[in-house]
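Below is one structure, written out as C-alpha cells; comments come after it.
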Amino acid sequence: MTVSQIATSSLIEIAQVTRSAARELAMLSAAARNDAIEAIAQALESMMPEILTANSADCQAAEAEGISKSLYARLKLDETKLKGAIAGVRDVGRLPDPVGKLEIHRQLDRGLILKRVSCPLGVLGIIFEARPDAVMQITSLAIKSGNGVILKGGKEAIRSCDALVKAIRLGLEKSEVSPNVVQLLTTREEISALLKLDEYVDLIIPRGSNSFVRFVQENTRIPVLGHAEGICHLYIDAAAEITKAVDITVDAKTQYPAACNAIETLLIHKSIAPDFLPLAAAALQGRNVELRGDDRAREIVDMFPATQTDWATEYSDLILSIKIVDSLADAIAHINTYGSRHTDAIVTENNEAAKVFLAQVDAAGVYHNCSTRFADGYRYGFGAEVGISTQKMPPRGPVGLEGLVTYKYQLTGDGHIVENYSGKNAKPFHHQDLPLE
Ligand SMILES: NC(=O)C1=CN([C@@H]2O[C@H](COP(=O)(O)OP(=O)(O)OC[C@H]3O[C@@H](n4cnc5c(N)ncnc54)[C@H](OP(=O)(O)O)[C@@H]3O)[C@@H](O)[C@H]2O)C=CC1
Ligand SMILES: N[C@@H](CCC(=O)OP(=O)(O)O)C(=O)O
C-alpha cells in the first residue's frame, strides 16, 4: 500500500466512527448536548496547565522558525486567552438550540401538514490555521448543533491542538456524547484523504488562503464552505469626520493585524486626504505600521511606494497600502476589483454616500462608521464562530450555529395522493400557515 492508501484507509475508520457517533449525538436532547459542553469547559479548566505547556512548546518552535509577531499573537494561548475561550464555550452552551426549530408549519389541505425542521448536517471537516482557540469555538458550535467534527489545525499549533482535543474528549467521556464526535488530524496527507470521503463527511470548511480554498474545491465532491482571505478595505469619504476616521483606521489595522478582518488597504477621497492622511499616518506609524502609498499619497506623506501587487495582498501584519481616489464610485470599483468579499467599511457623515457604499460593495460585511474588526461571531452575538465565510451563497460572513444546520421537510398526511390534486377536477390546496410552536 502507498502512504496515501494507508492514510485513506485509516481515515475511513476515523470517519466511520465519527459518523456513527454524530448520528447518536443528533438524537440527544438539547439538555444532553449542553451538559456535554459544560463537561468540556470543566475538562479544559482542569487541563489548563497541560494545554499552556503544549502551547509554549508550539510558540518556542514557531519563534525558532522565525514566525511573524502577528502570527505569533494568533498562535499564543496565555491563561487569560484560554479562560476567555472557555467562557466562550459556556456561552455557546447557553445559546438557543438550533436543532429541531420549526421554520415552516403549513396545512396544505385538510389533514396534510408540512413542517420544515432544522437538523444537523452530520460530520464536518474543518481545516484551519495555527489558531488554537479555534478548536474550542468550533467544537462547542459543532456539538451544540449536533454535528461530529474532524479538525485539522495549522502545523505550528500541533501540540496545542492535540492537548485541547485530548481535554475535550476527556470532558465528553463524562457526558452522554461520545468522544468520537471530535477527531483531530495533523498532516496534509490526511487532508488529501479526507477530501475523498464524501460518503462520510457532509461539509468541508477550509479556512485559509484563496489558493488553498480553491485547491479543496477542485479536489472533493463534498460540499465546501470556503473561508478564504480577507483583503478588507476602509474608505475615508470626502464627508468623513476626521477624528472618527483616524480612530477607526488605527483599530481596523492594528487591533489584531493577523486576523482576516483587519484592513489591508486604506482608500481616501482626494478632497479630504491633505487633512486626514498626515494625522492617520502619524497615528499608524506610532504603532509601527509600515505605509505603502500610491503617488498621490506619497505627495502628502513620505512612505514606501505601493505597487499593483499591494492592492491584491493580504499582509496579515503591520503593513497598510494607501490609495487616493477621485470619487466614491472609484473607491467602490477598487474594492470590487481587489477585495475578497469579506468585510469593507466607509467612514462618512453623508448618509447618501453610505447607502450607495453598502448597496454596491460586494462583500459579506459592509460597514458604515465602524471598524472591520467587528466581523466576528462573538461580536455578532453568535456566541462563537467557525470562521468567516467569503462565499456568496449563505451562510455568509461569521458562521455560527445557524450555519451548521440544514433542514428537513416533514410531511404528514392520512392517505393523501397527488392524483386528487391534478387534472380537471383537481382539489385546491389550502396553503394555510399554522402557528410556529
Ligand atoms: N475567512 C476566515 O474565517 C479565515 C481566513 N483565513 C485566511 O487564511 C489565509 C492564510 O492563513 P494561514 O495562516 O497562512 O493559513 P494557511 O493557508 O497556510 O493554512 C491553513 C490551513 O490549511 C492547511 N493547508 C494549506 N495548504 C494546504 C494544502 N495544499 N493541502 C492541505 N492542507 C493545506 C494548513 O496546513 P499546514 O499548516 O499543515 O500547512 C492549515 O491547516 C489568510 O488569507 C487568512 O485571512 C484564515 C483564518 C480564517
Ligand atoms: N473573527 C475573528 C477573526 C477571524 C479569523 O479567524 O481570523 P484569523 O485570525 O485569520 O484566524 C476575530 O475577529 O478575531
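Please treat every number below as a calculation from the coordinates, not as lab data. Since the model is a prediction, treat every value here as computed from it, not as a measurement. FYI the Cβ positions are ideal-geometry reconstructions off the backbone, even for glycines, and counts take in every protein chain you see.
Assorted remarks:
- Under 20 Å of direct C-alpha separation, and excluding same-chain neighbours fewer than eight residues apart, residue 83 reaches these aspartates and glutamates: 35, 38, 45, 50, 58, 91, 133, 162, 376, 385.
- Förster radius 35 Å - calculated FRET efficiency between residue 327 and residue 392 (Cβ-Cβ, nearest 0.05): 0.85
- Calculated FRET efficiency, residue 69 to residue 356, Cβ-Cβ distance, R0 = 35 Å: about 0.40 to the nearest 0.05.
- GluC sites (Glu not before Pro) within region 334-412: DSSP coil, no more than 16 neighbouring Cβ in 10 Å: 349
- Taking other Cβ atoms within 10 Å as a rough exposure proxy, 196, 155 sort from fewest to most as 155, 196.
- As a calculated quantity, the FRET efficiency between residue 9 and residue 378 at R0 = 41 Å, using C-beta atoms, amounts to about 0.55.
- Nearby aspartates and glutamates by direct alpha-carbon distance to residue 270 (threshold 13 angstrom, same-chain neighbours under 8 apart not counted): 237, 294, 295, 299, 326, 330
- C-alpha center-to-center spacing [region 144-188, region 203-273] in angstrom: 29 Å
- Centroid-to-centroid separation of region 401-422 and region 72-113 [C-alpha atoms, Å]: 25 Å
- Helix 3-27 vs. the chain, principal-axis angle (Cα, 0 to 90°, nearest 10): 70 degrees
- Of the peptides 38-51, 250-263, 137-150, the order by per-residue mean of other Cβ atoms within 10 Å, starting with the highest, comes out as 137-150, 250-263, 38-51.
- Relative to the current alpha-carbon distance between residue 368 and residue 108, full extension at 0.36 nm per residue lengthens the span by 89.2 nm.
- Ranking of 431, 334, 233 by count of other Cβ atoms within 10 Å, fewest first: 431, 334, 233
- Cα-based helix-to-principal-axis angle, 273-285 vs the chain, degrees rounded to 10: 70 degrees
- DSSP beta bridges confined to region 256-344 are antiparallel in about 0 percent of cases.
- Rounded to 5, percent antiparallel among DSSP beta bridges of the chain: 30 percent
- For residue 105, net neighbour charge (Lys/Arg +1, Asp/Glu -1) across residues whose Cβ lies under 12 Å away: +1
- Per-peptide average of other Cβ atoms within 10 Å, ordering 97-105, 418-426, 321-329 highest first: 321-329, 97-105, 418-426
- Cα long-axis angle, helix 79-94 against the chain (0 to 90 degrees, to the nearest 10): 40 degrees
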